[in-house]
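Each value in this text was obtained by applying a stated rule to the coordinates, not by laboratory testing. What you see is a predicted model; the values in this text were computed from it and never measured. Cβ coordinates were reconstructed from backbone atoms using ideal geometry, including for glycine residues, and neighbour counts include every protein chain displayed.
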Amino acid sequence: MKTEEYRDAAAFAPETNTNERRTEEGDGASAGNQDGVLSASFLVKTLNTHLAAAGGGSVELKRCNRETGEILEDENEAEMLSQADFQMRAGQLARMLQVLSADEKLEWAVARKEEGNKHFAAMETDRAIQRYLDATVGLDFGNTPEQAGRARELVQLPVLTNLAACYWRKEEWNKVVCFCDQALQVDADYAKALVRRGWAHVELGNLRNAKRDLVRANVISPGCAKAALHRLREASAAEAKAREQRRALAERMLRESPRCASSKIEIPTGPHGLALRRDMGFCEIVAAKLRRFLSFRIDPPVKFE
């Protein structure tokens, strides 16, 4: 079932600062050269275009060990390019921002967050992610507790949970958990992060963790986890139904399986396969395995001769 059907707008919409709305200028230029900042993938593409025009050849980006120079294979090339783009962009932005004061950096980061919110509302999720990541580069906690508090409240916490909302929309649940973990390290009682992490745990099948997060969020901010708790109840019901089906199948198998008398039998039980010696009852061993690896008991008990 699509999670969109039970989406809680209040819990999943990115955080905004209504007093600091800004008008976005232009469309952000090209994806490879926004704000005068170059990306790694843009440079590789440009280089290959020039090589092709010069008579052939191409280059590709690879991860390597800086100490040994050894090329490291990446299972997900798109993810590796995304990380390279962010590292390169973050380095350039950091150099651009180093001349600004802490308050000026905060203002810049808030502006990037607001731009990200606009992209998110326009369903431009990848652009929203880039703007939110840009905002993290501008984080400067200053030299006073007041400056640090403002940076956490206006940028760090909302940006981390907004990134979680972006990956929630993309159904990349492990990333949702990762960004919510970071937010909750800053504020363990941040209800939005608890709701989003709880929902991600539901989709990952971690129902106990989901219940813990969602119940806690609902205590902190009553009603904030209504949609997520509904999704949890659905997932719990589906799991209970599947568990009952497994239990019924196991009971039928135990009642119908004959006693074995061959000298050696291989039982196809996946990674827990067993080789049975002479005169060991097939049903007896299967029952023992069921009790060990499944969370139910056979009732009424199966008796063996």
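Table for the structure above
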item	result
Karplus-derived 3J(HN,Hα), 6.51/-1.76/1.60, for each residue of segment 186-192, Hz, glycine and proline x	7, 9, 5, 10, 7, 4, 4
Calculated on alpha-carbon atoms, Rg and Dmax of segment 48-165 in Å	18.1, 60
Dimensions in Å of segment 112-173 - Rg and Dmax from alpha carbons	12.3, 39
Among 127-135, 176-184, the order from most to least packed when residues are scored by Cβ within 10 Å on average	127-135, 176-184
Sequence-distant residues sharing a close amide H with residue 63 (under 5 Å, placed H)	72
Scattering curve values for segment 133-242, log₁₀ I(q)/I(0), Debye with Cα scatterers, q = 0.16, 0.24 Å⁻¹	-0.70, -1.26
Distance violations [Cα-Cα > 24 Å] among 170/211; 170/226; 175/211; 211/241; 45/113	45/113
In order through segment 111-118: 3J(HN,Hα) via Karplus (6.51 cos²θ - 1.76 cosθ + 1.60), integer Hz, x for Gly, Pro	4, 5, 4, 5, 5, x, 4, 5
Using θ = phi - 60° and Karplus 6.51 cos²θ - 1.76 cosθ + 1.60, couplings along segment 91-98 (whole Hz; Gly, Pro as x)	x, 5, 5, 4, 5, 5, 8, 5
Spin-label pair residue 174/residue 123, simplified geometry with 7 Å Cα→Cβ offset, distance in nm	2.8
Net length gained if the chain between residue 186 and residue 251 were fully extended (0.36 nm per residue, minus Cα distance)	18.5 nm
Relative packing of 208-215, 162-169, 248-255, 84-91, which averages over residues the other C-beta atoms within 10 Å, highest first	162-169, 208-215, 84-91, 248-255
Peptides 198-204, 137-143, 58-64 ordered by average Cβ neighbours within 10 Å, highest first	198-204, 137-143, 58-64
Label-point gap, in nm, between residue 239 and residue 153 - each point 7 angstrom along Cα→Cβ	3.8
